[in-house]
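The structure that follows is given in the form of structure tokens.
The values are calculated or read from the model by the stated rules, or taken from the named source; none is laboratory data. The structure presented is a predicted model; accordingly, all values stated were derived computationally and were not measured. Heads up, the Cβs are rebuilt from the backbone with ideal geometry, glycines too, and the neighbour counts pull from every protein chain shown. To get the accessible areas, we keep the full protein, side chains included, count just its heavy atoms, and leave off ligands, DNA and RNA. Shrake-Rupley method; radii C 1.70, N 1.55, O 1.52, S 1.80 Å.
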Amino acid sequence: MAVNASAGAAFELKGRMAPFTVLQVGTAEIDAVLGQLDARLAQAPDFFAGMPLVVAPAEGVSLDGATLEALVGGLRERALLPVAASGLPAETAAVAGLGLIRNLEASRSGSGESGRRDTPARAAPGAARVVTQPVRSGQQVYARGGDLVVTAPVSAGAELMADGHIHVYDTLRGRALAGVQGDENARIFCQSLKAELIAIAGQYRLSDQIDAGLRDAPAMAWLRDGELELNAL
Amino acid sequence: MARIVVVTSGKGGVGKTTTSAAFGAGLARAGYRTVVVDFDVGLRNLDLIMGCERRVVYDFVNVINGEANLNQALIRDKRVDGLEILPASQTRDKDALTFEGVQSVLETLASTHDYVICDSPAGIERGAHLAMYFADDALVVTNPEVSSVRDSDRVLGLLSSKTRRAEQGDEPVKEHLVVTRYAAARVGKGEMLSIEDICEILSIDLLGVVPESTAVLNASNAGVPVIMEDKTDAGQAYDDIVSRYLGEARDHRFLTEKKGLFGRLFKG
């Protein structure tokens with residue numbers, strides 16, 4: 001029996017913003033890369049399994065098609081999922097069967113200036129990251145593998161990201177993205193909601209889509225059946 | 001050792017150079033050996049504001065390149081004892097400033113002065129970065145409008161991450177907020193951000209508020225740091241700022257609208 005076509009389109013193409021982990025390759029010596037990767041994987045084997053990766057050469061490193069292919073093969077053997085390349089010619093990416101992301105650098109605005117608060121990205125899975133200084137415009141804070149707790153204001157133009165929940169015990173004016181690895185149970189809590197953007201597991205809402213009655217007050221964002229909900233607290 | 005103070009804002013035209021000149025002159029007047037360094041290579045202004053543009057022979061870039069020594073380039077202010085300026089070069093650009101060169105000049109100045117004031121260029125690129133990198137204190141100059149506040153916020157983020165103190169894990173750069181061109185009447189009408197709004201957004205200590213004033217333009221045109229104009233509102237505001245910076249407790253002024261005679265008659 002045919003699917004009832006009149007019930008609606010069989011598919012939709014949707015533009016969603018989702019963060020990717022970039023594997024920045026610092027050398028064309030693939031054995032060295034895979035060797036160091038094995039050491040890292042040994043520390044947290046489950047954490048990296050199935051992780052989609054974008055492969056990008058570091059500045060000054062060139063990868064040819066054969067090298068990239070060998071690297072991609074090595075990554076797949078280790079249960080990682082290279083899906084795309086960046087900073088390489090399209091032909092080279094195609095040899096290894098990868099897509100090409102062209103504007104990776106452009107989308108990374110300001111991350112280079114996030115400074116020393118942004119360096120310890122090696123928190124053990126489940127550990128919360130606590131930030132006590134104001135998060136200023138242009139700064140990015142990512143709590144990898146856990147929750148992010150901020151006890152100072154978050155300025156417009158700043159970006160908070162966490163694999164788990166985000167708590168802001170002050171005014172949230174910037175962007176907050178919880179569950180960036182896809183955790184739909186992640187929530188965002190803040191003491192005063194003035195955010196530019198709120199996102200959970202890729203579902204986002206911009207400031208002008210936020211009900212005026214919820215603004216400037218304590219609020220919580222969460223997903224109900226895949227739909228973003230905002231409630232006053 | 002001197003305190004190195006950067007005067008910065010991100011946005012251009014908010015009053016960094018006016019503040020640098022006034023603040024430097026105020027510290028010198030209080031008896032401290034003070035030098036004001038113009039980091040705005042290519043868009044030299046500090047010498048004009050301080051009225052010594054005709055006495056510039058050598059500049060900051062000459063000193064960095066070893067074409068002149070520091071004493072040849074420093075200009076002694078004729079009105080205030082203990083005040084010197086190191087002018088920027090007008091013919092070069094910010095790339096002429098090298099990290100080692102700036103470090104060496106600032107260290108030498110710090111050993112012979114009490115305060116080294118770095119007048120930062122606008123922006124967050126090389127010149128601004130070098131101006132803030134060695135700072136102990138920062139005066140963040142902000143106008144009461146959203147884009148200026150946003151840029152100041154960005155600069156505050158850089159001060160807490162991209163300075164020597166931040167990179168070496170020392171005590172952070174002490175940040176002070178200076179709000180300039182504040183027009184209480186326009187705040188009342190909702191055309192400008194209020195001091196409370198600015199302080200809430202930036203969450204740093206307010207050092208002082210300088211009212212919008214014709215005295216600033218007049219002083220600039222005359223080449224006199226506005227703090228020397230004791231009778232003007234802006235001059236008094238900068239005097240308060242210097243005193244508060246030096247630890248004296250003074251109430252904030254110029255926050256409310258000055259009422260004229262008719263205003264007083266009709267509004268009580």
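Counting only other chains, and only Cβ atoms inside 10 Å, what mean value do you get across the residues of A:136-142?
Mean shielding count: 6.
Once you've got the Cα coordinates, tell me which of B:162/B:231; B:11/B:189; B:94/B:231 are over 30 Å apart.
B:162/B:231; B:94/B:231
Considering only DSSP beta bridges whose two residues both sit in region A:129-232, what percent are antiparallel, to the nearest 5?
Taking every DSSP beta bridge within region A:129-232, about 35 percent pair in antiparallel fashion.
Still on this structure: Does chain B come out rounded, prolate or oblate, given a ≥ b ≥ c as the square roots of the eigenvalues of its C-alpha gyration tensor, rounded meaning a/c under 1.5 and, failing that, prolate meaning a/b above b/c?
Judged from the Cα gyration tensor, chain B comes out prolate (a/c at least 1.5, a/b above b/c).
Which value, in debye to the nearest 20, gives the size of the charge dipole of region A:129-232 about its Cα centre, when Lys and Arg are +1 and Asp and Glu are -1 at the Cβ?
340 debye
For every helix of n ≥ 4 consecutive DSSP H residues, a contribution of -39,500 (n - 2.57) applies; sum these over chain B, divide by its total residues, and give [θ] at 222 nm rounded to the nearest 500 deg cm²/dmol. Let's see the in-between values first.
Working: 13 runs with 109 residues, N = 268.
One gets -11000 deg cm²/dmol as the mean residue ellipticity at 222 nm.
Another question, if that's okay. Between rounded, prolate and oblate, where does region A:129-232 land on the alpha carbon gyration tensor, with a ≥ b ≥ c its root eigenvalues, rounded for a/c under 1.5, else prolate if a/b exceeds b/c? Please report the intermediate quantities before stating the final value.
Details: a/c = 1.60, a/b = 1.07, b/c = 1.49.
The shape class here is oblate.
Roughly speaking, to the nearest percent, how much of the protein assembly as shown's 1.4 Å accessible area is carbon and sulfur?
49 percent
Suppose all protein chains stay in the model; what accessible area per residue would a 1.4 Å probe give for chain B, in Å²?
44 Å²
Averaged across A:148-156, how many Cβ atoms of other chains sit within 10 Å of each residue's Cβ atom?
For this peptide, the per-residue mean of nearby foreign Cβ atoms is 2.
May I ask which residue of A:176, A:189, A:138 lies farthest towards the positive end of the charge dipole of region A:129-232, with charges of +1 (Lys, Arg) and -1 (Asp, Glu) on Cβ and the Cα centre as origin?
Looking along the dipole axis, the top candidate is A:138.
Classify the protein assembly as shown as rounded, prolate or oblate, taking a ≥ b ≥ c as the square roots of the eigenvalues of its Cα gyration tensor: rounded when a/c is under 1.5, otherwise prolate if a/b is larger than b/c and oblate if not. Walk me through the intermediate numbers first.
Working: a/c = 2.66, a/b = 1.57, b/c = 1.70.
It is oblate, given that a/c is not under 1.5 and a/b is not larger than b/c.
Total Å² of accessible surface buried at the A-B contact, 1.4 Å probe, nearest 100?
Chain pair A/B: roughly 1400 Å² of buried accessible area.
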